[in-house]
Amino acid sequence: MIAVEKALEQYGAPIYVRHEIVHNKYVVQTLEKKGAIFVDVTAEVPEGSIVMFSAHGVAPTVHQEAAERKLATIDATCPLVTKVHKEAVRFAKEDYDILLIGHEGHEEVIGTSGEAPDHITLVDGPEDVANVSVRDENKVVWLSQTTLSVDETMETVDALKQKFPNLLSPPSDDICYATQNRQIAVKKLAEDAQLVIVVGSKNSSNSIRMVEVALDAGAPAAHLVDFADEIDEAWLEGVTTVGLTSGASVPDVLVDGVIEWLAERGYGDVETVRTADESITFSLPKELRRDLRAEAARLSGT
């Protein structure tokens, strides 16, 4: 969100964004009001315009399409997604079969698969393992979509290892740290809450996963909402403790809105469940940092 806002300030509207910058309805609507235009394909962007690639990443062919249309590009791909892309390229060069654990059709999966389409096979859950075949069982590695449930991913990995005992794991954990932390926290919430509310959009993979994690961890009920006014008061019947969490890209203002909504209905005693401290910050896209530095230098006369 910050990257798009800074780009609008620096270059003016419109800024075209290929797919939603993050999967959150409020963020997208807010940016549209400021002059961002979200498109599904590069061909929708007028030649010579500025286009930003979303946090989910894009395939190399998309960069080629942008160059052919003479578009100025700003790459806002999440560094964790970029890491998976680089791993895919490296293992493909070493001629591995790459088993990509993820959900078919998700933008991140499409982008990662595009890095090495001849080497990557999508594995959409443990039930899909039976359909997987490889050229050499001694040269096979798994990678994953960064926004999956950790438990879901490892269940698929375990099934793959039963079929391919020599399956190689990536050099580091690829699940997004923000996703992991929230899944750990929602498990803790589920221990005491009769109802868990997850603030997030229905097209957000990590938000959907948290509802599933809460239910798997023992919560009697869990629901996903974008805004406080989507909460059904019937959910509160017989509920004394409500657990509240949010997707990785959800602004605090939406969570605060739910807290206020609950307080108005007698749930005013708030206790914070903390399972991790997040201190990692990501820089603005390099193209934007470059132009902001040039602008600052111009204004200062240096």
Q) Could you say whether any residue in segment 144-157 is in contact (Cβ under 8 Å) with a residue 24 or more places away in the chain and farther than 30 Å from Ser249 by Cβ? A) no
Q: Find all pairs meeting these conditions: Cβ atoms under 7 angstrom apart; at least six residues apart or on different chains; first residue within segment 17-44 and without any contact (Cβ under 8 Å) to a residue 24 or more places away in the chain; second residue assigned to a helix (DSSP H, G or I) and surrounded by 15 or more Cβ atoms within 10 Å (Cβ to Cβ).
A: Phe38/Val28
Q) Does segment 70-93 contain at least one residue that is of a type in the set (Gly, Ala, Ser) and farther than 27 Å from Lys163 by Cα? A) yes
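Going residue by residue through segment 99-110, is there one that turns out to be in a loop (DSSP other than H, G, I, E, B) and open to solvent by less than 20 Å² (accessible area, probe 1.4 Å)? Walk me through it before giving the result.
We begin by selecting, within segment 99-110, every residue in a loop (DSSP other than H, G, I, E, B); these are 102-106.
Next, from what is left, pick out any that are open to solvent by less than 20 Å² (accessible area, probe 1.4 Å): 102.
Yes, that holds for at least one residue.
Assess whether Pro126 counts as being of a type outside the set (A, V, I, L, M, F, W, C) and over 30 Å from Pro14 (Cβ atoms).
Numbers: of a type outside the set (A, V, I, L, M, F, W, C): yes; over 30 Å from Pro14 (Cβ atoms): yes.
For Pro126, the condition - of a type outside the set (A, V, I, L, M, F, W, C) and over 30 Å from Pro14 (Cβ atoms) - is met.
Restricting attention to segment 101-128, which residues are among the aliphatic types (A, V, I, L, M) and under 11 Å from Val140 (Cα atoms)? Write out each step before concluding.
Initial filter on segment 101-128 (among the aliphatic types (A, V, I, L, M)): 101, 109-110, 116, 120, 122-123.
Within segment 101-128, just Ile120 meets the criteria.
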Q: Report yes if Val134 is in a loop (DSSP other than H, G, I, E, B), at pLDDT 95 or above and surrounded by 15 or more Cβ atoms within 10 Å (Cβ to Cβ), otherwise no.
A: yes
Q.
Could you go through segment 33-48 and let me know if any residue there is over 30 Å from Val225 (Cα atoms) and within 19 Å of the chain's Cα centre (by Cα).
A. no
(Q) So Lys6 passes all but one of these: (1) modelled with pLDDT of 95 or more; (2) in contact with a helix residue (DSSP H, G or I) (Cβ under 8 Å, 6 or more places away or on another chain); (3) more than 30 Å from Ser169 (Cα to Cα); (4) of a type outside the set (Val, Ile, Thr). Which condition number does it fail? (A) (1)
Q) With respect to Val141, is the statement that it is modelled with pLDDT of 95 or more, in a loop (DSSP other than H, G, I, E, B) and of a type in the set (Val, Ile, Thr) true? A) no
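Being of a type in the set (Lys, Arg) and more than 20 Å from the chain's Cα centre (by Cα) is the filter here, so list the residues in segment 54-105 that pass it. Step through it out loud before you land on a result.
The initial filter retains those residues of segment 54-105 that are of a type in the set (Lys, Arg), namely 69-70, 83, 86, 90, 93.
Passing the criteria: Arg69, Lys70, Arg90, Lys93.
The values are calculated or read from the model by the stated rules, or taken from the named source; none is laboratory data. The structure displayed is predicted, hence computed values, not measured ones. Here Cβ is always computed from backbone atoms with ideal geometry, including for glycine, and neighbour counts include all displayed protein chains. The area values use the complete protein model at the heavy-atom level, side chains included, leaving out ligands, DNA and RNA. Shrake-Rupley method; radii C 1.70, N 1.55, O 1.52, S 1.80 Å.
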